[in-house]
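Q: Encoded as structure tokens, here's the structure I'll be asking about.
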């Protein structure tokens, strides 16, 4: 059995870590390491979020525990945890929190709205640790796009990332299911995009739109968007694309794929005719970023939902 004592930054936050000698389940293991505490006290600690398994707060008493696992117990107060199943923390350090956002969850709120967002959920999580703490938005994902989202823990780190995002980001990849099958197995898309007064993004059809020849003047300037895709699999009706973006324009992937005649499945706004899975089939699957403080290269990968693969699988060609 391994035991490590640590203290929280504020007050006597006593946390102990344990690992079992052999495979067991959580409740009998807690009875062993917490003896002579009563069964009622131990169940209460578990129910009230004083126990973590491998860094994740856990309440299920019959969870398997293996020798390589680490069970952490906070004897002082409950561990902070995210209180919404639509958001999962995949990385956290002193400066950053990286999360997996579900489709349908806004990154940040609309003005005047009390709707839960990724930002509000993370802010609640941070305040469990320190009432003065908060979460700071570094970039956004569309509401119905799932995947990787980065937040900062203070304003200075946020400003560094937010205003120099392209400098710090090394790779941004998405998985998208589109209607039909692109004629080219792989291609690079280069379009100038413009946002109208109704907040809709469209391709600006202009002459001489090569980079460096964007139109000048006018109230709103079109901005170059560069996207590359490769077909991963297709059944003719739907295709799974691996998409990499080199610019961060609003709705970039959705607009550009629609422009070439292959809208993202479920994307009625940009021309999709079908919605096979009840959601926009776009997922931020890979993000590689330079840490703004340590300068370490952090790379995160999140597989797309299984429905992305089944919808576009060659055997499902009906």
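Every read-out reported here was derived from the displayed coordinates using simple, explicitly stated rules and does not represent laboratory data. Every value quoted in this text rests on a predicted model; they were computed, and no experiment measured them. Quick reminder, even Gly has a Cβ in these numbers, built from the backbone with ideal geometry, and neighbours come from all protein chains shown.
Q: So, by mean Cβ neighbours within 10 angstrom, what's the order for 296-302, 79-85 with the highest one leading? Each step should come with its number before you reach the end.
A: Values: 296-302: 13.6, 79-85: 15.1.
So the order, starting with the most tightly packed, is 79-85, 296-302.
Q: Run lengths n ≥ 4 of DSSP H only: what is the helix-derived mean residue ellipticity at 222 nm for the chain, with -39500 (n - 2.57) per run over all residues, to the nearest 500? Before the final figure, lay out the partial values.
A: Values: 7 runs with 57 residues, N = 318.
That comes out to -5000 deg cm²/dmol.
Q: Compute a Gaussian network model of the chain, connecting alpha carbons closer than 10 Å, and tell me which residue from 109, 134, 55 fluctuates the most.
A: Checking each option, the largest mean-square fluctuation is seen for 55.
Q: Name the most mobile residue of 152, 47, 35, meaning the one with the largest mean-square fluctuation, in a Gaussian network model of the chain with Cα contacts below 10 Å.
A: With Cα springs under 10 Å in the chain, the top fluctuation among 152, 47, 35 is at 35.
Q: Could you tell me the center-to-center distance, by alpha carbons, between region 219-249 and region 75-102 in angstrom?
A: With region 219-249 and region 75-102 each reduced to a Cα centre, they are spaced 30 Å.
Q: Also: Springs between alpha-carbon pairs under 10 angstrom, Gaussian network model over the chain: which of 146, 288, 197 fluctuates most?
A: Maximum among the listed residues: 197.
Q: Which of rounded, prolate, oblate describes the chain, given a ≥ b ≥ c as roots of the alpha-carbon gyration tensor eigenvalues and a/c under 1.5 marking rounded, otherwise prolate only if a/b is larger than b/c?
A: Numbers: a/c = 2.63, a/b = 1.83, b/c = 1.43.
Prolate.
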